[in-house]
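**Q** Questions regarding the structure given below will be posed in turn.
Taken together, the values in this text are just the output of simple stated rules run on the coordinates, not laboratory data. It should be emphasised that the depicted structure is a prediction, and the values quoted were computed from it without experimental measurement. All Cβ positions, even for glycine, are placed from backbone atoms using ideal geometry, and neighbour counts span all protein chains on display.
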Amino acid sequence: MESAVHLRTVDISFAVSGKQPFRAVAGADLRVAKGEFVAIVGPTGSGKSTLLNAAAGLLRPSAGVVEIEGRPLEGLNRSAGYLFQADALMPWKTSRDNVAISLEISGTPRRQALARAEEWLERVGLRGFGDRYPHMLSGGQRKRVAMAQVLIRDPAILLMDEPFGPLDAQTRLIMGDLLLDLWQQDRKAVMFVTHDLEEAISLSDRVVILSTGPDARIIGDFPIPLPRPRDVSEIKLEPEFQNLHRDIWHLLKDQVLKAYAHSTAEKA
Amino acid sequence: MESAVHLRTVDISFAVSGKQPFRAVAGADLRVAKGEFVAIVGPTGSGKSTLLNAAAGLLRPSAGVVEIEGRPLEGLNRSAGYLFQADALMPWKTSRDNVAISLEISGTPRRQALARAEEWLERVGLRGFGDRYPHMLSGGQRKRVAMAQVLIRDPAILLMDEPFGPLDAQTRLIMGDLLLDLWQQDRKAVMFVTHDLEEAISLSDRVVILSTGPDARIIGDFPIPLPRPRDVSEIKLEPEFQNLHRDIWHLLKDQVLKAYAHSTAEKA
Amino acid sequence: ADTVRIAIGGSSCICYLPTVLAEQLGNYEKHGLDVELIDFKGGSAALKAVVGGSADVVSGYYEHTISLAAKNQQLASFVIMDRLPGIALVVAPGKNDQIDSVADLAGKNVGVTAPGSSTDFFLKYLLSREGLDPNAASVVGVGVGATAVAALEQGRIDAVVTLDPAISQLKNRHEDLKLLVDTRKEADARSLFGADYAGGALYTRQEWIDANPEQAQALAAAIVDTLHYIHSSTPEEIAGQMPPELIGDTAIYVESLKNSLEMISETGLMDDAAAEAVLEVMSFNSPEIAGAEIDLAATYTNEFVQAAAPQPAE
Amino acid sequence: MPRPVLLMLQILVAVFAIAFWWVLTRTSLFGDPSRIQFFFSTPMDVLNRIIAWFSSGQIWYHLWITLIEAALAFVIGTVAALILGFWLARRPRLAAVFDPYIKAANALPRVVLAPIFTLWFGLGIWSKVALGFTLVFFIVFFNVYQGVKEVNRTVLQNARMLGMSERQLLRHVYLPSALSWVFSSLHISIGFAVVGAVVGEYLGASAGLGYLIAQAEGMFDIAGVFAGMFVLSAFVLIIDWLVTLAERRLLIWQPDSDHHH
Amino acid sequence: MPRPVLLMLQILVAVFAIAFWWVLTRTSLFGDPSRIQFFFSTPMDVLNRIIAWFSSGQIWYHLWITLIEAALAFVIGTVAALILGFWLARRPRLAAVFDPYIKAANALPRVVLAPIFTLWFGLGIWSKVALGFTLVFFIVFFNVYQGVKEVNRTVLQNARMLGMSERQLLRHVYLPSALSWVFSSLHISIGFAVVGAVVGEYLGASAGLGYLIAQAEGMFDIAGVFAGMFVLSAFVLIIDWLVTLAERRLLIWQPDSDHHH
Ligand SMILES: Nc1ncnc2c1ncn2[C@@H]1O[C@H](COP(=O)(O)OP(=O)(O)OP(=O)(O)O)[C@@H](O)[C@H]1O
Ligand SMILES: Nc1ncnc2c1ncn2[C@@H]1O[C@H](COP(=O)(O)OP(=O)(O)OP(=O)(O)O)[C@@H](O)[C@H]1O
Ligand SMILES: [Mg+2]
Ligand SMILES: [Mg+2]
């Protein structure tokens, strides 16, 4: 299968003034095929957002190459939509305008863009909140507006950084279904960062596990052979799911414990 | 038992320009006793952060009274520590300084404050990150610095808004244990907002459930009669836990589905 | 002795030459004075410094003592430096054929150094002498520096009422420059005012004179000595004494000195008729002054100059 | 604070100031009143002068000239600064090259430049506009330049990822984000635009408030000078009020800063 | 861009400007050169003048006086504006009451006020400091005031909840948060401090660069005027460079603005 995103053994370092550069990711090799849904999990601070930033073209790897659809990435990744981990809505636009601008940018007439934005706000459960500025929304509401902003553009590659983090469990399921529906329709490539293992397994084709940083590598790569289409809330009950969950959980737990031990080593 | 925080049938409204005020919370009555650990769950946008803001004295209820330790609250709640949902670290201070300032404010000499800050950074698994400015940290790392900043002051009342949101499952458990340890020592009153039901049940004495907003009320109040001290990672296996989880989950699910249906009503 | 602070209304003006030259020649020291010269942009600013008490003596136009008398501020001049006003009416190069007399200024734009200044008054007085409405020409403030030259050469104004060194600069740049009136020359001034017209002088608050008669005396003597020096030296010699930053182009400076020597007083004495002439022009322009009871004799004194006169010049 | 109370307090301040002025110039508490009057005039004289100006109608023409000059300087200066500021802020290399020249230009004493402005722009309103421009431009420019740099990084990256072109970024991100910087500089520069116009008139002109002030000053008519300055101030307050209205409209999205406690 | 390249480009700009100046005043491409020289002098004349000033050593005294005046105006103006700005920004009612007066004061033409400053502060450096102060103060004040209002709300609420007193808030939240606003206004006001000092000297003084410029102007010695202005600009660049150093140190916490793409 053709690859949508290919991080070819990338190192990613950050300059830290007065010190050695901090190498967050070392020799990570990650390939996401066209139409593939890859979940990325890993301990906090391991480098998940960093990988997405590299795939988006916002960070340049210090070694290795980022290839998008087979070609080395120069500048921004124009075919990707990126849902950031942090608040990224334009505070001077209402939620409706924040969503509509996504379409207006590429030339959709304003009226039409607004109508579609309204539809999308409804889809993410925010009917009636179109006139609100971001600071008048709750954390979960802001996240959903951001989600609508990214999804409405229907990008070929989706980078999502803990998109459902501030949502309650039930809304997560609904949003997960929504995402899968969209994905099913035209098989985008998705890189999906989450801390919720169940979510990772129930949504994705593959779960990739990052080791504790610095010098984080990919230490696990689990294909999820569960049948599609999936019902996100039902799938958890399947025994195969449970097995996968346990395997991944163990791998991850070791990483975190190691990291935590390392971090408090001197103390203990 | 004496009450630490008592929201006496409060209404909380927001002015929305050109419209009726938006009443987020209506007639919510919530009492947290001294030394009690109360978890608050509810659909996204229901008013959890709003309730914490009221308890912190950052928002004035439009009806009802907020009582802290038996006295009506005027201005800020000086005996509370508040871990905000959004990023709230001072971007111009390193993580060490961000934590140390908490102590310096109340007169601890700088050297001592820095030493204790370093200890706390270790506790939350951030040894070696003391020199970083917030923008050089990952989302989960920032949250943990904020947690250290609040906990180091050892406040009598703890308000925590999705403190473990951006952490991976394993780190969550570690932080949960850390929190319970602290709480065990001197029995603070805790109001703990979370979307993770398991977390809510395993940590708290009581789980309070908010209905979908606007006009959110408290629609459920489950005492958690699990024995203390608890081991956060083990407790999930107890049958009583499972029962509670199921009950709460059902109540919550209905709320969310109702909200979502309402929000997409016209559409359907 | 205490330092005497002299506020000059623009040290580049030839009309204040004696004040600066006295310093260069060491005449103040000779009379036991320690003098500090402070340069101001225009006479009225210099005067305000003196009224406010931050400077002791003004080197400025005598007429201000009259304006201030009308404002209940008692000032008096105690040595005169110029017996003529030194103001000229210059026609814009290129407008020579349109403007042949003062009467032709009606309806034209005429530059003055500033509205309400001596040059403004002078223009209005000139116009009325020709039987015109004093406001027949529209007045434009253009200052004394390059702005005036730019405005004139660009034809933004049709004529300008100005002083040296601007007159000499213009003359230097335009061979055929037409001066309709040139009161650096006795003839023009006499025909206009019927007498001399007191120009630059040292004056100050009456209180200061009363409190510091020795210093006033010494100042008067130093200036009188300088006046003698000026009239007994060639322009080149004088130029040789001046600080280079107050000369600019030497040739032009010497030329303007030549044209101005006539206007510089030889004695330092105030002629009563010259004071009358000033009062007349001022009264004409300001209803306030016309209406005020001004004791002209109180605005100047020759006492110090007379006491200084017997001293032989070097 | 309700508006009438605010207004009353503001008036109270004025009343106090005027009372102090009166005591200063009318009693011998602070020295010889006639000398003080020479510098500060008296409240009544100034008031009478203002009334005379307005009742004779003479002032309107001058006010109009000054208004035009100040408004042109303000608008042209602001627009030029916005364009150059936004443009240079997005081209850090170019900006680095020109940086010292811009800063040096800001240090030139405008008063000295008056002859050159006269040469280029004549004695009419344009030389005054030029003078005002040189003040307004730099004030707005530096703020815009900094404002653009202060754009929230995540918001900017998000906008870029949404596919905004440089132009769209300007319109939808940089401009709104820098708006409070721009308005801050506008509040500063309104005053300076008027100062520029008045100083220009003061140095050479045939009309305008600066001309009136210069005339009054030449005649030691301090009441006239003060009257001119009061009219000027009133006038600036009106323009500033218009700017504030625009600001309120454009910055409606900002959370109220909470000033409780 | 590496520093040497940058420096070379900067010098290139200067070379171009000077070449243009030379062509303007030395050839008849733009009209009669002798007339143009009267207003613009020529590069060589100005250079010679500057060399003469420095080699005779005459300039140092004047430069020193101007430096002192500008530095005092800058420091006092900034400090006063910081104090008043931070103080008023935290007292919105008081600020609302005084708001119109502050704005009106900013519109007063400083040149006209010069005699009053002389009255109050004498003829020495302090009247020039006062003039510079009135420029610096308003520029910094408005920016500080706005900067304080732009503090991130969550950060502020968090600091409050941590128990900071008003004073601690100032030191740990408002001041650092408003710092980029402050620095922006400092870059603007350095130029204005110098302008204030020079204009003050120009209007009445016995020393300083403004005095030199005024004398040169009075004698139609345009080379002297330009030489004075160049020395002035060089001088401002040095002060600005010092401010930039301070800025870099104090704003070290800010993420590099990313200027790629
Ligand atoms: N600008 C920066 N400068 C220095 N270090 C950085 C910078 N940005 C991130 N890092 C470091 O890189 C590592 C990876 O960060 P990243 O944000 O990718 O983590 P993450 O896996 O997304 O974590 P989380 O789950 O907490 O969001 C962290 O240790 C972080 O401290
Ligand atoms: N400033 C405001 N103006 C208007 N409405 C607001 C404002 N702040 C919050 N709200 C509304 O109040 C409701 C409750 O918000 P709140 O932030 O308390 O939700 P929450 O329960 O914390 O949600 P989440 O889990 O998404 O954080 C939401 O519908 C939100 O849109
Ligand atoms: Mg992350
Ligand atoms: Mg919330």
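**Q** Calculate for the protein assembly as shown the 222 nm mean residue ellipticity that helices alone would give, adding -39,500 (n - 2.57) per DSSP H run of length 4 or more and normalising by residue count, nearest 500 deg cm²/dmol.
**A** -17500 deg cm²/dmol
**Q** Another question, then. Considering every residue in B:119-131, what mean count of other chain Cβ atoms within 10 Å of its Cβ is obtained?
**A** Partner-chain Cβ atoms within 10 Å, mean over residues of B:119-131: 4.
**Q** How many percent of DSSP beta bridges within chain B run antiparallel, rounded to 5?
**A** Once the DSSP bridges in chain B are tallied, antiparallel ones form about 55 percent.
**Q** With a 10 Å cut-off between alpha carbons and a GNM built on chain D, which of D:G163, D:G210, D:G218 moves the most?
**A** Looking only at D:G163, D:G210, D:G218, the largest GNM fluctuation is found for D:G163.
**Q** With contacts defined as alpha carbon pairs under 8 Å and 6 or more residues apart, what's the relative contact order of chain B in percent?
**A** After rounding, I find 25 percent.
**Q** Check C:R5: other-chain or 5+ apart residues with amide H under 5 Å from its amide H, H built from backbone geometry?
**A** C:E36, C:D56, C:V57
**Q** Once R0 is set to 25 Å, what does the formula 1/(1 + (r/R0)^6) return for the Cβ-Cβ distance between B:L257 and A:E119, expressed as a FRET efficiency to the nearest 0.05?
**A** After rounding to 0.05, the efficiency reads 0.80.
**Q** How high is the relative contact order of chain C? Use alpha-carbon pairs under 8 Å, at least six apart in sequence, and give a whole percent.
**A** For chain C, the relative contact order is 28 percent.
**Q** Oh, and also: Between the helical axis of C:272-285 and the dominant principal axis of chain C, each derived from Cα atoms, what acute angle in degrees is found, rounded to the nearest 10?
**A** So the inclination is approximately 50 degrees.
**Q** Taking each residue in D:178-191, count the Cβ atoms of any other chain within 10 Å of its Cβ, then average. What number comes out?
**A** So the per-residue partner count for this stretch is 5.
**Q** Can you work out the base-10 log of I(q)/I(0) for the protein assembly as shown at q = 0.05, 0.08 1/Å, using the Debye formula on its C-alpha atoms alone?
**A** Log10 of I(q)/I(0), two decimals: -0.50, -0.95.
**Q** Tell me the distances, shortest first, between E:R167 and the same position across the other copies, using label points 7 Å along Cα→Cβ, in nm to one decimal.
**A** In nanometres, ordered from closest: 5.6.
**Q** Based on the Cβ-Cβ distance of A:E69 and D:T27, what FRET efficiency does E = 1/(1 + (r/R0)^6) give at R0 = 60 Å, to the nearest 0.05?
**A** The computed FRET efficiency comes out at 0.10.
**Q** Select from chain E the helices, each a whole stretch of DSSP H, whose alpha-carbon atoms run 27 Å or more along the helix axis and whose Kyte-Doolittle mean is at least 0.0; answer none if there are none.
**A** Correct list, ordered by number: E:3-26, E:58-89, E:125-149, E:175-203, E:222-250.
**Q** Next up: In whole Hz, what ³J(HN,Hα) sequence does region A:171-183 give by Karplus (6.51, -1.76, 1.60; θ = phi - 60°), x for Gly and Pro?
**A** Each residue of region A:171-183 in turn: 4, 3, 5, 4, 5, x, 4, 4, 5, 5, 4, 4, 5 Hz.
**Q** Now for a different question. What does the copy distance list look like for A:D154, label position 7 Å along Cα→Cβ, in nm and ordered from shortest?
**A** So the distances to the same position in the other copies read 6.0 nm.
**Q** Continuing with the same structure: Would you mind checking which residues have amide H under 5 Å from B:T9's amide H? H placed 1.01 Å from N; only 5 or more apart, or other chain.
**A** It is B:D29, B:L30, by chain and number.
**Q** 7 Å along Cα→Cβ for the label point: how many nanometres lie between A:V65 and each equivalent label in the other copies, listed shortest first?
**A** Distances to the matching label points in the other copies: 7.2 nm.
**Q** To continue, here is another question. Of the candidates A:S202, A:S49, A:S17, which one comes out as most mobile in a Gaussian network treatment of chain A with C-alpha springs shorter than 10 Å?
**A** Maximum fluctuation in the GNM of chain A, among the listed residues, is at A:S17.
**Q** Taking amide H positions as placed in the peptide plane 1.01 Å from N, state which residues far from B:A216 in sequence (5 or more) or on other chains have amide H under 5 Å from it.
**A** Answer set, sorted by chain and number: B:V25, B:A26.
**Q** Compute the Rg to Rh ratio over chain E from the alpha carbon atoms, using the Kirkwood formula for Rh, and round to two decimal places.
**A** 1.06
**Q** Quick check: pseudo-label points 7 Å beyond the Cα along Cα→Cβ at A:Q112 and D:S34, how many nm apart are they?
**A** Reported label-point gap for A:Q112 and D:S34 is 8.5 nm.
**Q** While we're looking at this one, here's another question. Between chain B and chain A, with a rotation axis joining them, whose C-beta in B is nearest that axis, and what is the whole-Å distance?
**A** B:G165, 3
**Q** Pull up the DSSP beta bridges for the protein assembly as shown and report the antiparallel fraction as a percent, rounded to 5.
**A** In the protein assembly as shown, approximately 55 percent of DSSP beta bridges are antiparallel ones.
**Q** Placing +1 at every Lys and Arg Cβ and -1 at every Asp and Glu Cβ, with all other atoms neutral, what dipole size does region A:8-109 have around its Cα centre, in debye to the nearest 20?
**A** Dipole about the Cα centre, nearest 20: 180 debye.
**Q** Here's a follow-up. Just rank B:K236, C:K124, A:K19, A:K48, fewest to most, by other beta-carbon atoms within 10 angstrom.
**A** A:K19, B:K236, C:K124, A:K48
**Q** For chain D, calculate the relative contact order in percent as a whole number, restricting contacts to Cα pairs under 8 Å that are 6 or more residues apart.
**A** This gives 24 percent for chain D.
**Q** I would also like to ask the following. What number comes out for the charge environment of D:L212, summing +1 per Lys or Arg and -1 per Asp or Glu over other residues with Cβ under 13 Å away?
**A** Every neighbour counted, the sum reads -2.
**Q** Provide C:H31, A:H250 in ascending order of the number of other Cβ atoms located within 10 Å of each residue's Cβ, fewest first.
**A** A:H250, C:H31
**Q** While we're here: May I ask which of C:K178/C:K258; B:K19/B:K143; C:K71/C:K108 have a Cα-Cα span longer than 28 Å here?
**A** Over 28 Å Cα-Cα: B:K19/B:K143; C:K71/C:K108.
**Q** Right, something else. Can you run phi through the Karplus equation (6.51, -1.76, 1.60; θ = phi - 60°) for region C:177-193 and list ³J(HN,Hα) in whole Hz, with x for Gly and Pro?
**A** 4, 9, 9, 6, 9, 9, 7, 6, 9, 4, 4, 5, 5, 4, 5, 7, 9
**Q** Kindly put D:I83, A:I12, E:I36, C:I223 in sequence by how many other C-beta atoms sit within 10 Å of each C-beta, fewest to most.
**A** Sorted ascending by nearby Cβ count, the order is D:I83, E:I36, A:I12, C:I223.
**Q** Another question, then. What is the spin-label model distance, in nm, from B:L182 to D:L245 if the labels are put 7 Å beyond Cα along the C-beta direction?
**A** So the label points at B:L182 and D:L245 sit 5.3 nm apart.
**Q** Please name which of E:G85, E:F20, E:L108 has its Cα lying farthest along the dipole of chain E towards the positive end, using unit charges on Cβ (Lys, Arg +1; Asp, Glu -1) and the Cα centre as origin.
**A** The one lying farthest along the dipole's positive direction is E:G85.
**Q** Rounded to the nearest 0.05, what FRET efficiency do B:R228 and B:R8 give with R0 = 22 Å and r taken as the Cβ-Cβ distance? Could you check?
**A** Efficiency at R0 = 22 Å is approximately 0.15.
**Q** Which residue fluctuates the most in chain E, going by a Gaussian network model with Cα springs under 10 Å, if the choices are E:V112, E:V225, E:V182?
**A** Looking only at E:V112, E:V225, E:V182, the largest GNM fluctuation is found for E:V112.
**Q** Continuing with this model, one more query. Angle check, please: helix A:239-263 long axis (alpha carbons) against the longest principal axis of chain A (alpha carbons), in degrees 0 to 90, nearest 10.
**A** 60 degrees
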